[in-house]
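Everything below concerns the one structure shown next.
Nothing in this text is a laboratory measurement; each read-out follows from the coordinates by a stated rule. None of the values given here were measured: they were computed from a predicted structure. A quick note on method: Cβ atoms are made from the backbone with ideal geometry, for glycine too, and the neighbour counts reach across all protein chains shown.
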Amino acid sequence: MLTVECISDGPEVAICFDDAGLALLIEKLLRLQAAGRDGHDHMFTPSWAGDDLAETPLGVDTTLINSVRLVYRAAPWSALGARLKKGTP
């Protein structure tokens, strides 16, 4: 099980998982890294046509997030910032 929940009293996100959810998250992150280039992957709850995220919130006073986009940048953030300043994405 893996959920992403917004904490209601501030701009904070909780990522809640068990062993299976942790394995799924690691698999997705490693797959992005192994591609060796910028990329992204999506995770959705069943009501958003997915099966990566559970729909039962685990936190108290939280709002369930139905869609998560994992974004990988192959270049270090410092190099990415320099490229953006030059106008090159």
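The table for this structure:
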item	result
Sites matching trypsin sites (Lys or Arg not before Pro) across the stretch 8-73 that sit in DSSP coil, with at most 15 neighbouring C-beta atoms within 10 Å	ARG37, ARG73
Residue order, fewest to most beta carbons within 10 Å, for VAL4, VAL60, VAL13	VAL60, VAL13, VAL4
Choice from ALA54, ALA35, ALA14 with maximal GNM fluctuation in the chain (Cα, 10 Å cutoff)	ALA35
Relative contact order, percent, the chain [alpha-carbon distance under 8 Å, six or more residues apart]	31
Charged-residue dipole, Cβ positions (Lys, Arg, Asp, Glu), the stretch 2-85 about Cα centre, Debye nearest 20	780
Distance between modelled label sites at ARG31 and ILE15, nm, 7 Å Cα→Cβ extension	1.5
Residues whose placed amide H lies under 5 Å from that of GLY50, excluding near-sequence neighbours	THR45
